[in-house]
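In what follows, a structure is listed as structure tokens, so that the remarks can point back to it.
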Amino acid sequence: MDIVARDKFLTLWKKYFNNAELPITFYYTDQDNTAKPDKPEVLPRCIIAALASVRAGQTLYIDSEAVKCFGGRRYLGFSKEIKPDFDYFLSCGIPRKTRGERYVKTPEMVRQITKNTPAFTAPGKFAVFKRWDKLETEDTPEVVIFFAIPDVLSGLFTLARFDETDRGAVQTPFGSGCASIIQYPYLEQTSEHPKAIIGMFDPSARPFVPKDVLTLAAPIKKFIKMVDNMEESFLITDSWQKIQRRIK
């Protein structure tokens, strides 16, 4: 990580977003030089719950064995396996066999959604989650993830599309909480015009974040452009200052 770039963002974030929560970052590595991977018995089942400690400043190293959730393993790229009866689990369920979350109307619709949802294989043994201010030279962040209240999210959304003509430069694809902050933004890295992803609409993940928080996640090259644009964007206007005064 370029430490100058790290500190540039920290300065600008403080300048325009006051004491709003810092983002966390995500990347893969085969190296485990600074911490042992966290084990299943010490991690919550849901990845979103496990990230609470990262948001507080702790670094999280996990491998495939540490992730107990089928979806978490899939959306981290550690497995392409799908939960048994996933089509019924996400829809109407099977009486006396599979609970139905009823997020999609029919099993057939779930199968079509799954068929059209991209998957990938993790390029490293470990997934690393680290808060932005904790990054060191040896870190290689690939995705930057904000947990944001509405006023902060407004600023991030507008900044993410500041230099784009595409109305869809920021998207909200259907998916689990971990898919919205890991899989979707990670796969945007290869796009010529990578998109930012707003997420955390998953009712299963909502209990693990504050009631007034959503997420915006962007691949690092998109994020760096956002930072470079900050000082010439709406953030320098009176319109933003009115909002900024409400950000504590």
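Data for the structure
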quantity	calculated
Choice from THR165, THR29, THR59 showing the highest fluctuation, given a GNM over the chain with Cα pairs closer than 10 Å	THR165
With eigenvalues of the C-alpha gyration tensor scaled by 5 and rooted, the chain, Å	31, 22, 17
Listed residue pairs exceeding 19 Å between alpha carbons, taken from LYS8/LYS225; LYS68/LYS195; LYS83/LYS115; LYS14/LYS221	LYS68/LYS195; LYS14/LYS221
Gaussian network model of the chain, Cα within-10 Å springs - most flexible of PHE129, PHE26, PHE174	PHE174
Reachable aspartates and glutamates, given that their alpha-carbon falls under 16 Å from the alpha-carbon of LYS125 and they are not under 8 places away in the same chain	ASP30, ASP32, ASP38, ASP63, GLU65, ASP139, GLU142
Helical contribution to [θ] at 222 nm, DSSP H n ≥ 4, -39,500 (n - 2.57), averaged over the chain, rounded to 500	-7500 deg cm²/dmol
GNM top mover of GLN58, GLN189, GLN112 - the chain, alpha-carbon springs below 10 Å	GLN112
Global form of the range 103-161, assessed from the alpha-carbon gyration tensor, a/c cut-off 1.5	oblate
Spatial separation of Cα centroids for the range 168-184 and the range 187-241, in angstrom	11
Kyte-Doolittle at least -1.0, axis length at least 18 Å by Cα - qualifying DSSP helices, the chain	3-17
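Every read-out reported here was derived from the displayed coordinates using simple, explicitly stated rules and does not represent laboratory data. As the structure is a prediction and not an experimental result, all values here were calculated from the model.
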